[in-house]
Amino acid sequence: MKINELNKKKIPLVKINKDLNKYKGKVLFEKKLEKANKLLERAKLPSELIINKG
Amino acid sequence: MKFKKYEYTADDELHFYEFKSIGIKGEIKKVVEYSKMNIEEYYNLAFGDFDEKKNEINDKVVTNNGDSLKVLATVASTVYAFTGKYPDAKIFATGSTEVRTRLYRMGITNNLVEIQEDFDVYGMKLNDTFEEFIAGEDYIGFLITRKKK
């Protein structure tokens with residue numbers, strides 16, 4: 001890929017930092033995740049975003 | 001995004017991101033996390049300061065480092081990175097406090113035109129329903145999905 005094409009890309013090139021693998025399997029923002037799950041539990045989701053497993 | 005952003009690094013599955021906010025209070029390490037929610041394909045977006053002294057994350061602190069727009073633009077950039085790898089992900093975000101939820105709303109509003117080129121954005125209203133995001137409306141949470149092209 002040419003540099004000018006690369007600069008136009010919105011998806012960023014991400015530098016991987018192996019040190020961050022230490023977080024794998026952990027939830028750093030536990031209370032916030034709990035709050036988010038509670039909010040979505042009672043929410044009426046947009047119909048187009050409900051996964052139809054049928 | 002029209003705002004400058006910080007360089008960041010990520011774990012190899014792109015669920016965790018780290019960057020340094022540099023401002024009037026010095027350097028503050030920030031962490032962004034996408035965690036799986038109870039609903040399939042839904043992820044919770046959370047970010048906050050990493051307290052190096054206590055070795056813990058704080059998502060309630062108001063940092064006031066004078067760079068909130070740059071921080072939000074950086075977090076928004078991680079949404080591009082994350083959905084680049086997980087294009088079907090539905091990302092939910094809510095602030096740990098009302099102030100932070102308003103900060104998220106401001107971040108979306110400031111970049112709405114550009115965000116909507118690539119994402120569908122919804123706001124969760126007080127009555128627990130979602131609508132297409134409208135600038136200026138009050139929301140308790142936000143849902144973002146990548147547009148299918």
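Every number in this text was worked out from the coordinates using simple rules, so none of it is lab data. Keep in mind it's a predicted model, so treat the numbers as computed, not measured. Note that we place each Cβ from the backbone using ideal geometry, even for glycine, and neighbour counts take in every protein chain shown.
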Neighbouring partner chain Cβ atoms per residue of B:28-39, average, 10 Å criterion: 4
FRET efficiency for B:K29 and A:K38, using Cβ-Cβ distance with R0 set to 35 Å, rounded to 0.05: 0.75
Global geometry of the protein assembly as shown, whether rounded, prolate or oblate, following the gyration tensor of its Cα atoms and the 1.5 cut on a/c: rounded
Segment B:K148-B:E41, extension gain: residue separation times 0.36 nm, minus the distance between their alpha carbons: 37.0 nm
Gain in span if fully extended, A:S47 to A:I16, counting 0.36 nm per residue against the direct Cα distance: 7.6 nm
Long-range HN-HN contacts of B:G48 with modeled amide H, under 5 Å: B:V31
Low-density loop positions, GluC sites (Glu not before Pro), segment B:40-129 - DSSP coil, at most 10 other Cβ in 10 Å: B:E40, B:E52
Formal net charge of residues neighbouring B:G23 (Cβ-Cβ distance under 15 Å; K, R +1; D, E -1): +4
Segment B:R102-B:E56, extension gain: residue separation times 0.36 nm, minus the distance between their alpha carbons: 14.1 nm
Net charge of neighbours whose Cβ lies under 10 Å from the Cβ of B:K90, counting Lys and Arg as +1 and Asp and Glu as -1: -3
